[in-house]
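Here, each number is a calculation from the coordinates, and none is a lab measurement. Every value quoted in this text rests on a predicted model; they were computed, and no experiment measured them. Glycine gets a Cβ as well: all are built from the backbone with ideal geometry, and neighbour counts include every protein chain shown.
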2 protein chains.
Amino acid sequence: MADHDRMNDLEAEHEGFILHGAVVYSRDAKTLEAADDAYLICVDGLSKGVFSGIPEEYAGLPVHDLWDKLILPGFVDLHVHAPQYQFRSLGTDMELLEWLDTYVFREEASYSDLEYAERAYDLFVEDLYTGPTTRACVFATTDPDATLGLMDMLEETGLKTFVGKVNMDRNAPDYYVEDTEDSLAETYAFLDAVCESGYENTQPILTPRFTPACTRKLMDGLGRIAAERHLPVQSHLSENRREIEWVSELEKDAAFYGETYDRSGLFGSNGKCVMAHCVWSTEDEIALLKKRGVFIAHCPDSNLNLSSGIAPAKRYLEEGMRIGLGSDVAAGSTTSMFAAVRSAIQSSKARWRMFDESVKPLTFPEAFYMATKGGGAFFGQVGSFEEGYEFDALIIDDEPLSSMLDASGRIHAAERAERVMYLADDRHIAGKYVAGRQLF
Amino acid sequence: MADHDRMNDLEAEHEGFILHGAVVYSRDAKTLEAADDAYLICVDGLSKGVFSGIPEEYAGLPVHDLWDKLILPGFVDLHVHAPQYQFRSLGTDMELLEWLDTYVFREEASYSDLEYAERAYDLFVEDLYTGPTTRACVFATTDPDATLGLMDMLEETGLKTFVGKVNMDRNAPDYYVEDTEDSLAETYAFLDAVCESGYENTQPILTPRFTPACTRKLMDGLGRIAAERHLPVQSHLSENRREIEWVSELEKDAAFYGETYDRSGLFGSNGKCVMAHCVWSTEDEIALLKKRGVFIAHCPDSNLNLSSGIAPAKRYLEEGMRIGLGSDVAAGSTTSMFAAVRSAIQSSKARWRMFDESVKPLTFPEAFYMATKGGGAFFGQVGSFEEGYEFDALIIDDEPLSSMLDASGRIHAAERAERVMYLADDRHIAGKYVAGRQLF
């Protein structure tokens, strides 16, 4: 970026600006706010709200007229594996445990070659940068140096991310398993290196892979780190039936899967925690998820691809649990959070019709909420344009998706946002802001 | 198209040509043929097969070297509604009958304004032309003139289609319902006009909307036309549970839904027949579908969007029934048959895991087969590169989807084809042939 541009950005960030266009955002899971012609105000990186005209106190701010473009909050990907990006949408005829052995471990191990890691992560980061995501919780590999390299790249983009060096000390191939003590020591070293880096956008997150791959000793060690350093945690929970059975065989003392994290202090008792999937969580597990305020990363595309099942996301939402969406690349085929919204809605309908009529399908406003404000809460006041929220925004040029109904005035902002979830891709993202800073 | 180009096309068609690249096609539902470096030969619009080198008898043919591009058969959309294209991916929170009343009838009625119809159909036809589809069975509206206009446009593209003027004489709004006699008379007039048009690529197909919207008298009349003129038939069958109940109330004499078509000669007894959906077909209905050789247009994206359910496509396939895929725009969100393949696989996994473990998930080769050779059979020897098949081909530039695994030689043609189903769109379609003629 030229120095001149950067100065303009900083100036704009400090002084604020106004975007004029069609605006859609969530107030809560049931309330989608939509306006065809609105002014969205940003001052010092925060939203001041959405108005039908420019309030007098902001009259001096520059107005960027986006005409008929659509302005949406940035999307939050609560669960994505950066080193799996290279084999997205391959081997879709497998279930979780076979797929881990065939694709995942082998590929992740190759990231200890830092040259390979750099070239591969560059493809992932470029995709995330150009797509709908403004914030993400990212799994890297066990290699701390490769993970720091990934963090450097992400920092550069301006996206806000949590990135985890993966910990795993059992039930993995010889070429991709850690010694328990080494795993903990490398985690400390990794965290120290992150502290020294002075990242503004990129934060570490503790990342035990999942219970089958982590001994109790490793979990306890990570729990101590979480407590000492007030760090957030991400992992996997109750994704696949065989996996859950395996956990119950490995950890006979635990009453349910979630307890294997909780007893080590890795389930929200020492700080924020996000668990991917929760497809088959039991009533006891759900009660503990609630009690601890754990975030659920609902990953519908992944859960379909690996035949894991369909999580009762609507129930979680209606019971006031913390829930957002994850792409879960590469079990999910794409990093596009638009696709995650579509997949969440479609799979909830299948679940309702074919499996359990007591849990109703997700509506478009609900799925949109999960992908923005729902997941955004993991990052603070993020994912909405309500006053005080960090200013993350996408500028969508949906003209190529428009039809005769648009021309006749029968399509409004909320319907355009719905259509974007089903039909748009990176071609339609004309601009992106994170915390008030324009990335492009 | 310039005359010069057209001459070249005709010459090429007569003399034949060879495409050199990576080739993937289905031999049967279980057998996906894939070669990383192959020669695909076309003579007089027909495939002569796929070879590892150029056989001597074809040595004189021009070779088009496509380098690392991927060559797939053209895709066949067995069920799509042209006049619904304008509202694709809108109103996805509704079920079938509410959606018909809210969106479908109102929009379709507006096609009697021929200027509107021309502008709207132009958007649909352009989308079909640039996407993966080479052949399609298309529903138009009740208006014969607008339908002829659509056929003119489709003819011009070089795509091969069956197009139906819709018949419906009950249970529809006053502004969009036909008188029975008028409906039949207009169908005769429509068919005569098609005969006079001299279309090469575009054929008529009888199109009773569905049983709830067609009286017995109308059905019988259409059955007579089918018998007199040896015309194919397309309609809807057993899509939604409330719809099926409604049919049983309306047609108390029929033992099951399919019989309401069969007793009028509209279920394959007078010629080819394709029925969309078959989500909830009973054993008796399945037996009759088999007996009559009816094609099933499996429309997974539509069935998810309207919460209809998930058809047991794998069972139909394994029992040797005729089955292909349909986009079913606009209940399906997109005309992309790549997306239909992905949706077929994903929804079959959900059905298996959540509903009925006796019907296994569809594999990628099976879904690919349905979208090409399975549906292609409705058009004759279509949808494969085996010798004697009509030469429909897509040239895919999947380089933008490639990853480090491609560079290291770990990804081959079949895996590239799989990835295309999950990630590619019209940007990646670099060329298209129908019956040996290059469209672009």
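Some observations on this one:
- Virtual paramagnetic centre 7 Å along Cα→Cβ of residue B:217, amide N under 11 Å, in the stretch B:240-255: none
- Look at the stretch A:87-96: the mean tally of other chain Cβ atoms within 10 Å of its residues' Cβ atoms is 6.
- Counting Lys and Arg as +1 and Asp and Glu as -1 over every other residue whose Cβ lies under 12 Å from the Cβ of residue B:407, the net charge comes to -1.
- Remark: spin-label model distance residue A:152-residue A:360 equals 5.2 nm, labels positioned 7 Å along the Cα→Cβ axis.
- HN-Hα J in Hz across the stretch A:165-175 - Karplus 6.51, -1.76, 1.60, θ = phi - 60°, x for Gly and Pro: 6, 6, 10, 7, 10, 7, 6, 9, x, 3, 6
- Among beta bridges from DSSP that stay inside the stretch B:75-379, the antiparallel ones total about 0%.
- Computed across the stretch A:27-109, the Kirkwood radius stands at 17.5 Å (inverse of mean 1/r, all Cα pairs).
- Angle in degrees between helix A:216-229 and the longest Cα principal axis of chain A, rounded to the nearest 10: 40
- Per-residue ³J(HN,Hα) for the stretch B:290-296, Karplus 6.51 cos²θ - 1.76 cosθ + 1.60, θ = phi - 60°, Hz, x for Gly and Pro: 5, 4, 8, x, 5, 7, 9
- With Cα atoms, 0 to 90° folded angle of helix A:180-197 axis to chain A main axis: 30
- Distances in nm from residue A:271 to the matching label points in the other copies, shortest first (labels 7 Å along Cα to Cβ): 7.1
- Gyration tensor verdict on the stretch A:301-371 (Cα atoms; rounded if a/c is under 1.5, prolate if a/b is larger than b/c, oblate otherwise): oblate
- Among A:299, A:195, a tally of other beta-carbon atoms within 10 Å of each Cβ gives an order, fewest to most, of A:195, A:299.
- Peptide B:343-352 - average C-beta neighbours from other chains (10 Å radius): 6
- Using a Förster distance of 60 Å, the FRET efficiency for residue A:195-residue B:54 (Cβ separation, nearest 0.05): 0.40
- The protein assembly as shown - Debye-derived log10 I(q)/I(0), Cα point model, q = 0.05, 0.07, 0.09 Å⁻¹: -0.29, -0.56, -0.93
- Judged by the mean number of other Cβ atoms found within 10 Å, the most tightly packed of the peptides B:86-94, B:246-254, A:357-365, B:149-157 leads the ranking B:86-94, B:149-157, A:357-365, B:246-254.
- Packing-based exposure ordering (other Cβ within 10 Å, fewest first) of B:261, A:116: A:116, B:261
- Here the simple spin-label model places points 7 Å from the Cα toward Cβ, and for residue A:97 and residue B:408 these points are separated by 2.6 nm.
- Shielding by partners, peptide B:291-303 (average Cβ within 10 angstrom, other chains): 1
- Dipole of the protein assembly as shown computed with +1 at Lys/Arg Cβ and -1 at Asp/Glu Cβ about the Cα centre; of A:380, A:52, B:248, farthest Cα towards the positive end is B:248.
- Label distances, nm, residue A:319 versus same residue in remaining copies, Cβ-directed 7 Å point: 3.9
- Highest-first packing order for the peptide set B:30-36, B:56-62 is B:30-36, B:56-62, based on the mean count of other beta carbon atoms within 10 Å.
- Estimated FRET transfer efficiency (residue B:227, residue B:106; beta-carbon r; R0 22 Å; 0.05): 0.05
- The angle between the Cα long axis of helix B:114-130 and the longest principal axis of the Cα atoms of chain B comes to about 40 degrees, rounded to the nearest 10.
- Relative contact order (percent, whole number), chain A, Cα cutoff 8 Å, 6+ residue spacing: 21
- Rounded, prolate or oblate (a/c below 1.5 giving rounded, otherwise prolate when a/b exceeds b/c) for the stretch A:321-422 by Cα gyration tensor: oblate
- Simple spin-label estimate for residue A:126 and residue B:291 gives 6.0 nm between the two label positions (7 Å along the Cα-to-Cβ direction from each Cα).
- Coil-residue GluC sites (Glu not before Pro) of the stretch A:185-224, DSSP, other Cβ within 10 Å capped at 11: A:200
- Once the chain from residue A:28 to residue A:145 is taken as fully extended at 0.36 nm per residue, the excess over their C-alpha distance is 38.1 nm.
- The alpha carbon convex hull volume per residue for the stretch A:75-379 rounds to 112 Å³.
- With the helix formula -39500 (n - 2.57) applied to DSSP H stretches of n ≥ 4, the protein assembly as shown reaches a computed 222 nm mean residue ellipticity of -11000 deg cm²/dmol.
- For residue A:431, the amide hydrogen comes within under 5 Å of the amide hydrogens of A:395, counting only partners 5 or more places away or on other chains and with H modelled in the peptide plane.
- Going by neighbour counts of Cβ atoms within 10 Å, the residues B:415, A:366, B:390 line up, fewest first, as B:415, B:390, A:366.
- Each other copy holds its own label point for residue B:193; taking that point as 7 Å from Cα along Cα to Cβ, the gaps run 7.2 nm, nearest first.
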